[in-house]
1. Could you please tell me which pairs satisfy a Cβ distance under 7 Å, a separation of 6+ or placement on different chains, a first residue in the stretch 164-189 that is farther than 12 Å from V130 by Cα, and a second residue that is charged (D, E, K, R)?
2. Any chance the stretch 111-132 includes a residue that's under 23 Å from D53 (Cα atoms), of a type outside the set (S, T, N, Q) and free of Cβ contacts under 8 Å to residues at least 24 places away in the same chain?
3. Could you list, ordered by first residue, the pairs with Cβ atoms under 6 Å in which the first is in the stretch 75-97 and surrounded by fewer than 19 Cβ atoms within 10 Å (Cβ to Cβ) and the second is of a type outside the set (F, W, Y), at least 6 apart or interchain?
4. So which of G54, G29 ends up being farther than 22 Å from N142 by Cβ and part of a loop (DSSP other than H, G, I, E, B)?
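Readers should treat all values here as calculations from the given coordinates under stated rules, not as data from a laboratory. Bear in mind that the values here come from a model prediction, so they are computed numbers and not experimental data. Glycine also receives a Cβ, built like all others from the backbone with ideal geometry; neighbour counts cover every protein chain displayed.
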Amino acid sequence: MSDPSSVAPIVSFDDEPLILVDSQDNVLGYKPKAEAHEGDGVLHRAFSIFLFDGTGKVWLQQRAPGKQLWGGYWANSCCSHPRRGETLDDAAARRLHEELGVNAELTFLYRFEYHAHFGDIGAEHELCSVYVAQSDTPVATNANEIAASQAVTPRMLDRELVDNPSLYTPWLKLEWPRIRTDHWDTVERMLAG
């Protein structure tokens, strides 16, 4: 039996330059991804996508164990960084396809800054744009990025973040409650559309 990661495309590289920004999203420069996450981390552009299916369930992914930070933890459907010269919208659409095999219209919800340390290994320090999307295309996960995936009801995710928070990434624990309180009407309109 062949190793699934041997046929999955490699879509993430430690030396790809991340876009360093200030809190107002002004570009300050570029730094290789691995270096941008070392120590305290350096503030950089990022995005998170919450993909819903037609029944209103949201896809979660368990990050591949080889990830520099939070490998094996559960996260939202897809998250990554735009590349140099790439818009956030284009990067989010590209990565949704690379990680989940899905093409879908993305709806921007909000942007926020967060800083989270992963022990003494490194940190995420991101100015993160949060998107939602809906698709009934069967998800085809990239084994180099994702160890497992599942679609859960919003209420199940609400409960999980209360009952088992240690299984989830810090950005998911920040983003999902804000979506539920401040942006749920947008999600419902998208699902009804």
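1. Listed by first residue and then by second, the contacts come to P165/K173; R180/D158.
2. Within the stretch 111-132 (the criterion being under 23 Å from D53 (Cα atoms), of a type outside the set (S, T, N, Q) and free of Cβ contacts under 8 Å to residues at least 24 places away in the same chain), the answer is no, since none of the residues qualifies.
3. R84/P17; H97/N103
4. Checking each option against the conditions leaves just G54.
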